[in-house]
Amino acid sequence: MDQWLAALPKTELHVHIEGTLEPELMFTLARRNGVSLPWVDVEGVRAAYRFHNLQSFLDLYYAGASVLQTEADFFQLAMAYFRRAVADGVKHCEVFFDPQTHIDRGIDIGTVIRGLARAAEAIRAESGLSVYYILCFLRHLSAESAMQTLLDALPYRRHFVGVGLDSSEVGNPPERFETVFEQARLEGLQRVAHAGEEGPPEYIWQALDLLRVARIDHGVRAEEDPQLMHRLQQEQIPLTVCPLSNLKLKGVDDLRQHNLKRLLDAGLCVTVNSDDPAYFDGYVLANYRAVAAALGLSRENLYNIARNGFVASFLPEVEKARWLAILEQYWNDTADSPVRPA
């Protein structure tokens with residue numbers, strides 16, 4: 001199973017590039033840029049990775065991001081993640097970035113986007129991995145700040161395919177950002193939003209009805225609302241679930257309690273992703289392995305999760321069809337049964 005899972009063609013639709021900053025690279029960039037960190041060494045950083053909720057993680061996450069200063073830094077960060085993704089069997093990824101985190105430190109948005117864009121081009125040439133970027137707004141900041149960020153980013157429009165909403169969920173409902181998401185829609189951008197991670201199911205409703213999103217990031221609290229579950233199933237609205245993130249941030253106390261299998265059995269379009277893997281003990285393959293073991297997922301379950309990832313992606317239909325055919329061939333070549341799962 002482990003070898004089969006490693007070679008299974010996958011997507012990654014929910015990963016924050018700033019959340020892939022490993023402590024070793026953090027200290028390398030801190031030395032290069034003369035940034036003082038609140039930890040003495042790599043071990044000190046890792047010892048701080050004991051979070052009790054989302055906010056406790058975000059406090060450390062923003063401190064770590066302070067080392068990112070130059071175009072070369074963003075390039076190096078992204079390349080490190082992409083090579084790990086390739087090693088995990090990822091064929092296509094859609095990567096979040098948080099420009100406000102850097103703008104607020106005086107970093108020009110062009111510096112961020114150019115560095116990331118160069119990395120996407122480099123990894124495609126190196127390995128064939130396809131990369132789309134999604135610009136995320138920080139929901140703990142104002143809607144006006146989000147709008148200004150979008151306007152500042154538009155000269156670089158060719159380098160990102162959509163917008164998202166992340167950061168502290170509780171007390172920051174999606175409805176606050178309706179205007180900026182409408183502007184993004186008018187610009188032809190895809191829309192996604194974090195909702196139903198720590199926030200209530202109502203936030204998922206708002207993301208769907210007010211922000212008009214194509215995907216829900218996390219969405220695990222949807223299970224509390226039967227009517228919402230019915231809608232997600234009927235409309236096949238994808239959920240980008242991040243199991244090890246939910247465990248690390250105390251959404252569940254034990255991965256065996258995670259509702260991913262129940263969501264899958266209910267017919268929802270569930271995908272598996274890593275979120276902030278440098279902080280949450282695992283990249284995408286580790287997340288697949290962890291839920292497979294904890295929830296007793298079958299090869300058919302795992303195949304369907306991987307298939308959902310390609311279906312839920314923003315790839316052109318012809319590219320989706322190509323990867324779905326490759327995935328089906330992999331199943332037929334390796335699964336116990338030659339019959340493709342339903």
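Pull up segment 202-238, narrow it to residues that are among the basic types (Lys, Arg) and part of a helix (DSSP H, G or I), then point me to the one that is nearest to residue 95 (Cα to Cα).
Result: 221.
Only one residue in 153, 193 is under 18 Å from the mean Cα position of the chain (by Cα) and either crowded, with 16+ Cβ neighbours inside 10 Å or part of a strand (DSSP E or B) (or both), so which one is that? Quick ask: steps written out before the conclusion?
On the way: 153 fails: under 18 Å from the mean Cα position of the chain (by Cα).
Result: 193 is the single residue among 153, 193 that is under 18 Å from the mean Cα position of the chain (by Cα) and either crowded, with 16+ Cβ neighbours inside 10 Å or part of a strand (DSSP E or B) (or both).
Can you confirm whether segment 159-173 contains a residue that is hydroxyl-bearing (Ser, Thr, Tyr), closer than 21 Å to residue 228 by Cα, in contact with a helix residue (DSSP H, G or I) (Cβ under 9 Å, 6 or more places away or on another chain) and crowded, with 16+ Cβ neighbours inside 10 Å?
Scanning segment 159-173 turns up no residue that is hydroxyl-bearing (Ser, Thr, Tyr), closer than 21 Å to residue 228 by Cα, in contact with a helix residue (DSSP H, G or I) (Cβ under 9 Å, 6 or more places away or on another chain) and crowded, with 16+ Cβ neighbours inside 10 Å.
Take the residues in segment 239-259 that are in a loop (DSSP other than H, G, I, E, B) and buried (at least 23 other Cβ atoms within 10 Å of the Cβ), then tell me which one is nearest to the chain's Cα centre (by Cα).
Checking each candidate, the answer is 242.
Give me the pairs: first residue in segment 75-92 and touching a residue at least 12 places away in the same chain (Cβ under 8 Å) and buried (at least 18 other Cβ atoms within 10 Å of the Cβ), second residue of a type in the set (Lys, Arg) and part of a helix (DSSP H, G or I), beta-carbon distance under 7 Å, and six or more apart or on different chains, which are they?
Within 7 Å, the pairs are 75/118.
Provide a single number: the residues in segment 113-129 that are buried (at least 20 other Cβ atoms within 10 Å of the Cβ) and touching a strand residue (DSSP E or B) at 6+ places or on another chain (Cβ under 9 Å).
So the count comes out to 6.
Restrict the check to segment 253-266 and report whether at least one residue is among the polar types (S, T, N, Q), modelled with pLDDT of 95 or more and farther than 26 Å from residue 142 by Cα.
The answer is yes; a qualifying residue exists.
The values are calculated or read from the model by the stated rules, or taken from the named source; none is laboratory data. This structure is a prediction, so every number in the text was calculated from the model and none was measured. Virtual Cβ from ideal backbone geometry, glycine too; neighbours counted across all protein chains shown.
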